[in-house]
Amino acid sequence: MKKTILLLSVLFIIISCGVRQTRESIASGDYDTAILNAVESLTNRKDAKGKQDYVYLLEEANAKANERDLRNIDAWFKDSNPKNLEQIYDAYVALNNRQELIRPLLPLKLLKENRNARFDFNDYTDQIVSSKNTLAKHLYDNSKALLATKDKMSFRRAYDDLVYLNQLTPNYKDVFELTESAKLKGTDFVNVYTKNESNMVIPVRLQNDLLDFSTFGLNDKWTVYHANKVKGIDYDYGLIVNFRQINISPEQIKEKEFYKEKQIVDGKKALLNEAGQPVKDDKGNVVMVDNLKTIKVQIFESRQFKATQVTAKVDYLDFRNNQLIETFPLASEFVFENIYSKYSGDRRASDDNYLSYFDKREVPFPSNEQMVYDAGQDLKAKLKDIIVRNGFRR
């Protein structure tokens, strides 16, 4: 019995909260949210007494939503502004969708008033078709007018409108061809290339890597990067990676010698008293303790070292007026280091994290070209970061 009362109490709280939220949605003018809440609540057991509040709220929210939409449509028609055409179409679609959402629930009874809830349904098919056709014609004509200009932002607006038009009315006239044209005209094409003002030869594969923008993942809806110019494309911008200085240190091998010692446990030994006699426990057994032993090692360490530093700058150019937009510094370094060691004595006396050096040997130094290339891998990541943070159009 207690469980049943508790369950009913929880259910009452849930319903009360839902009703309150639905009322608040109506009070704030968010009628469609109120309608969705009410419809969802009435989907199961719509004739239950506990659902009566939702029936009243659904009737109220639907009436107010329809009155608002029809009033807005009337105002938009009187205004005669082409920008209102999409709103008119959307409003008619909303009116139709709203009643189709409610229709499966009918009839809905209002028990206290002994009547069915009132929902004035209308056939909006003609209005939807007419407003859609008017909107489609406007989108088409306006897009063609935008494409006749010389402004990239207009081309982009035309593209978005044409994409929407194709969703609204698939295969409308020559929309596909116009959309492709708008996409091409609205795209910023960026030519990417390198310059070398250093006194070093830049490895070809580094230049290829830096210019392989397919691995950067930077092309977006309106920006495309080309390392190699494509015939027939007028490039809007240039991005130049200008190598300024490349420093490479000499190959170095530094050697040093040092000692380590450590105490280790080397078996067990009898515990002796001050007289030098073995100590025994209560049972007469000799007490055994760790036998500590000091070990030493002499270490001969060799350290191979070579470093390179690459400095460059990234220039953004506007090809339309041949002006420098902005310059960003770019720098990277790469360090080659190999540590290997030999020893004399007990290697266990060295630190545990040092033991691996005893298994290493001298290796050939990387070439200058390899060093520059390895530094360039970090350079590539930094270049990508610059481009991501700094678009050509801001």
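The values are calculated or read from the model by the stated rules, or taken from the named source; none is laboratory data. Just so it is clear, the structure is predicted and the values come from calculations on it, not from any experiment. Don't worry about glycine lacking a Cβ; one is built from the backbone with ideal geometry, like all the others, and counts go over all protein chains shown. These accessible areas exclude ligands, DNA and RNA; they are computed on the full protein's heavy atoms, side chains included. Shrake-Rupley method; radii C 1.70, N 1.55, O 1.52, S 1.80 Å.
Restricting attention to the range 181-195, does a residue exist that is more than 32 Å from the chain's Cα centre (by Cα) and outside any strand (DSSP E or B)?
no
Quick one: count up the residues across the range 339-394 that are assigned to a strand (DSSP E or B) and free of Cβ contacts under 8 Å to residues at least 24 places away in the same chain.
Of all residues in the range 339-394, those assigned to a strand (DSSP E or B) come to 339-345.
This time we only want the ones that are free of Cβ contacts under 8 Å to residues at least 24 places away in the same chain, so: none.
Total meeting the criteria: 0.
Go through (1) in contact (Cβ under 8 Å) with a residue 12 or more places away in the chain; (2) farther than 24 Å from N247 by Cα one by one and return the number of the condition N321 breaks.
(1)
Against the conditions (1) at negative phi; (2) exposed (fewer than 10 other Cβ atoms within 10 Å of the Cβ), where does G284 fall short? Just the number, please.
(1)
Step by step: first the residues of the range 67-96, then only those that are touching a Leu at 6+ places or on another chain (Cβ under 8 Å) and open to solvent by 70 Å² or more (accessible area, probe 1.4 Å), then the one that is farthest from F121 (Cα to Cα). Which residue is that?
The selected residue is E86.
Among the residues of the range 326-346, which ones are surrounded by 16 or more Cβ atoms within 10 Å (Cβ to Cβ) and either more than 29 Å from V388 (Cα to Cα) or under 28 Å from the mean Cα position of the chain (by Cα) (or both)?
Within the range 326-346, F328, L330, S332, F336, N338, Y340, S341, Y343, D346 qualify.
Residues being closer than 11 Å to T187 by Cα and either open to solvent by 40 Å² or more (accessible area, probe 1.4 Å) or modelled with pLDDT under 90 (or both): count how many of those fall in the range 207-232. If you could, list the steps in order and put the result at the bottom.
Taking the range 207-232 first, the residues closer than 11 Å to T187 by Cα are 219-225.
Filter again for either open to solvent by 40 Å² or more (accessible area, probe 1.4 Å) or modelled with pLDDT under 90 (or both), leaving 219-221.
Of the residues in that region, 3 qualify.
Among A349, A307, which is farther than 30 Å from K262 by Cβ and small (G, A, S)?
Only one candidate qualifies: A307.
Which number in (1) of a type in the set (V, I, T); (2) assigned to a strand (DSSP E or B); (3) at pLDDT 95 or above marks the one condition that V163 misses?
Here V163 meets the rest and fails (2).
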